[in-house]
1. Which one of these does residue 89 not meet: (1) modelled with pLDDT under 95; (2) surrounded by fewer than 16 Cβ atoms within 10 Å (Cβ to Cβ); (3) within 12 Å of the chain's Cα centre (by Cα)?
2. Name the residue that is nearest to residue 100 (Cα to Cα), counting only residues in the stretch 143-152 that are among the aliphatic types (A, V, I, L, M) and open to solvent by 30 Å² or more (accessible area, probe 1.4 Å).
3. Is it the case that residue 135 is under 22 Å from residue 19 (Cβ atoms), part of a helix (DSSP H, G or I) and modelled with pLDDT of 95 or more?
4. Answer yes if at least one residue in the stretch 92-109 is within 16 Å of the ligand (Cβ to nearest atom) and either free of Cβ contacts under 8 Å to residues at least 24 places away in the same chain or more than 14 Å from the chain's Cα centre (by Cα) (or both), and no otherwise.
5. Of the residues 80, 69, 24, which single one is open to solvent by less than 30 Å² (accessible area, probe 1.4 Å) and farther than 27 Å from residue 172 by Cβ?
6. So which residues in the stretch 162-192 are open to solvent by less than 50 Å² (accessible area, probe 1.4 Å), within 14 Å of the ligand (Cβ to nearest atom) and without any contact (Cβ under 8 Å) to a residue 60 or more places away in the chain?
7. Go through the stretch 147-192 and give me each residue that's under 13 Å from residue 108 (Cβ atoms) and modelled with pLDDT under 95.
8. Please go through the stretch 171-192 and pick out each residue that is touching a helix residue (DSSP H, G or I) at 6+ places or on another chain (Cβ under 9 Å), not β-branched (Val, Ile, Thr) and not in a loop (DSSP other than H, G, I, E, B).
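The values are calculated or read from the model by the stated rules, or taken from the named source; none is laboratory data. This is a predicted model, so every value here is computed, not measured. Here the Cβ positions follow ideal geometry from the backbone for every residue, glycine too, while neighbour counts run over all protein chains shown. When the accessible area is computed, the model is the full protein with side chains, heavy atoms only, and any ligands, DNA or RNA have been set aside. Shrake-Rupley method; radii C 1.70, N 1.55, O 1.52, S 1.80 Å.
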Amino acid sequence: MCHKGIKHRIAVFVSGGGTNLESLLLAQEEGFFQSEIVLVVSNKEDAYALERGRNHGIETYVEKDWDSLESLLKERQVDLIVLAGYLKILGSEILEQYKNRIINIHPSLLPKFGGKGMYGMNVHRSVFEAKEKMSGATVHLVNKEIDGGKILLQTAINIEKCSSPEEIQKAVLYVEHEALKTAIRLYEEDYV
Ligand code: GRF
């Protein structure tokens, strides 16, 4: 893979509130990375993340079927897909067409607390119940194995002071934002 300093055209896939998307848009606007977010895609028409995209003047799209989405990604010359709270499992077509060009942010230190059903608060509740001392964020390439692709970057935090899953979520979300924008810069510079 050669991405030496290349400015990618990014589509961010979302399903929820979009704080990771917001963080990426602010990072782009301050020149933290060179790549450009050209499209926000959601499987949920009421995802607040779409509103965040519109507020930053980014085209948004609520997906209907793969053929329509495939055409739009091609028309917009998207060459990097970032999953930021996207809760749908990707089909084999997109995984094949964008092999090694889809990255995901997961709110735990994979491979721990990853896999089927491990998303959002489910992760933090499991971490809390397991009395883990550490948690954090993982950015990884996406393949057909849920949360199984090559790990690009991990940020670990001590959560011993967290007294609830909600406190863990808050602490982890902060490092997710840092990790995801850093991973995009590393991807541009071919350090991943
Ligand atoms: C984040 O915790 C992310 O790790 C997970 O879903 C959540 C999305 O949050 N995949 P937001 O929509 O970016 O605020």
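1. Tallying (1) modelled with pLDDT under 95; (2) surrounded by fewer than 16 Cβ atoms within 10 Å (Cβ to Cβ); (3) within 12 Å of the chain's Cα centre (by Cα), residue 89 fails exactly one: (3).
2. Step one: of the stretch 143-152, the residues among the aliphatic types (A, V, I, L, M) are 146, 151-152.
Filter again for open to solvent by 30 Å² or more (accessible area, probe 1.4 Å), leaving 146, 151.
Working: 146: 14, 151: 11 Å.
Looking at residues that are among the aliphatic types (A, V, I, L, M) and open to solvent by 30 Å² or more (accessible area, probe 1.4 Å), I get 151.
3. Numbers: under 22 Å from residue 19 (Cβ atoms): yes; part of a helix (DSSP H, G or I): no; modelled with pLDDT of 95 or more: yes.
Considered against the rule, which asks whether it is under 22 Å from residue 19 (Cβ atoms), part of a helix (DSSP H, G or I) and modelled with pLDDT of 95 or more, residue 135 comes out as no.
4. Our first condition is that a residue be within 16 Å of the ligand (Cβ to nearest atom); within the stretch 92-109, this holds for 102-109.
Still in the running and either free of Cβ contacts under 8 Å to residues at least 24 places away in the same chain or more than 14 Å from the chain's Cα centre (by Cα) (or both): 109.
Yes.
5. Working: 80 fails: farther than 27 Å from residue 172 by Cβ; 24 fails: farther than 27 Å from residue 172 by Cβ.
One residue alone meets the criteria, 69.
6. Within the stretch 162-192, 165, 168, 171, 175 qualify.
7. Residues of the stretch 147-192 under 13 Å from residue 108 (Cβ atoms): 147, 151, 154-157, 159, 165, 168-169, 171-173, 175-176, 179.
Listed by number, the list holds a single entry, 147.
8. Scanning the stretch 171-192 gives 173, 176, 177, 178, 180, 181, 185.
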